[in-house]
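Colleague: One structure, pasted below without further comment.
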Amino acid sequence: MEIAPSYAEGRLTVYLRGELDQHEAKPAVERIERELDKFMPRDCVLDIGSLSFMDSSGIAVILRICARMKSTGGRAWVQNAKSQPLKVIDISGIGRLVKINEAEAAQ
């Protein structure tokens, strides 16, 4: 899995690409938390538009990052959720706890 952070104007956007499963979850959290420590952002956006697969471990990553941001007075959300990862998010019900922005359909 690839993680590409981008920081601008108080917002850290973390682009996730590939597969987020039990083998990738811990290294992903560690990498994202290093970026949070580095930038101390007001907002953290997890852009999962390029994830081809996500299991329940991905839900744990999302919840961990959102809890971390909340504990520092910041905000976090997921954007560009689509296809298979969106199904996992929908089934988990975390949309009640975390803002989830779905990818817009191509027109």
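Colleague: So if the hydrodynamic radius of the chain is defined as the Kirkwood radius over C-alpha pairs, what does Stokes-Einstein give as its diffusion coefficient at 4 °C and 1.567 mPa s, in µm² per second? Mind dumping the intermediate values first?
Modeller: On the way: Rh = 13.6 Å.
Taking Rh from Cα pairs, D becomes 95 µm²/s.
Colleague: Sticking with this structure for a sec: Pulled fully out, how much extra length does the chain show between Gln22 and Phe53, if you take 0.36 nm times their separation in residues and subtract their Cα-Cα distance? Walk me through the numbers on the way to the answer.
Modeller: On the way: separation 31, 0.36 × 31 = 11.16 nm, distance 1.13 nm.
Difference between extended and current length: 10.0 nm.
Colleague: So, in nm, how far is label Ser83 from label Glu33 when the simple model puts each one 7 Å beyond its Cα toward the Cβ?
Modeller: With each label point 7 Å from Cα toward Cβ, the separation is 3.1 nm.
Colleague: Here is a further query. What aspartates and glutamates could a cross-link reach from Lys99, if we take a straight Cα to Cα line under 13 Å and drop same-chain neighbours fewer than 8 places away?
Modeller: Counting by Cα, and skipping residues close in sequence, Lys99 has these aspartates and glutamates nearby: Asp43, Asp47, Asp90.
Colleague: With a 1.4 Å probe and all protein chains left in place, how much of the accessible area of the chain comes from carbon and sulfur atoms, in whole percent?
Modeller: Whole-percent figure for carbon plus sulfur exposure: 47.
Colleague: Using DSSP, restrict attention to beta bridges with both residues in the chain and report what percent are antiparallel, rounded to the nearest 5.
Modeller: Just about 30 percent of them are antiparallel.
Colleague: Another question about this same structure. At what distance in nm do the modelled label points of Leu97 and Ala4 sit from each other, each positioned 7 Å from its Cα along Cα→Cβ?
Modeller: Spacing of the two 7 Å Cα→Cβ label points: 3.0 nm.
The values are calculated or read from the model by the stated rules, or taken from the named source; none is laboratory data. It should be emphasised that the depicted structure is a prediction, and the values quoted were computed from it without experimental measurement. Heads up, the Cβs are rebuilt from the backbone with ideal geometry, glycines too, and the neighbour counts pull from every protein chain shown. Note: accessible area is taken over every heavy atom of the protein model, side chains too, but ligands, DNA and RNA are not part of it. Shrake-Rupley method; radii C 1.70, N 1.55, O 1.52, S 1.80 Å.
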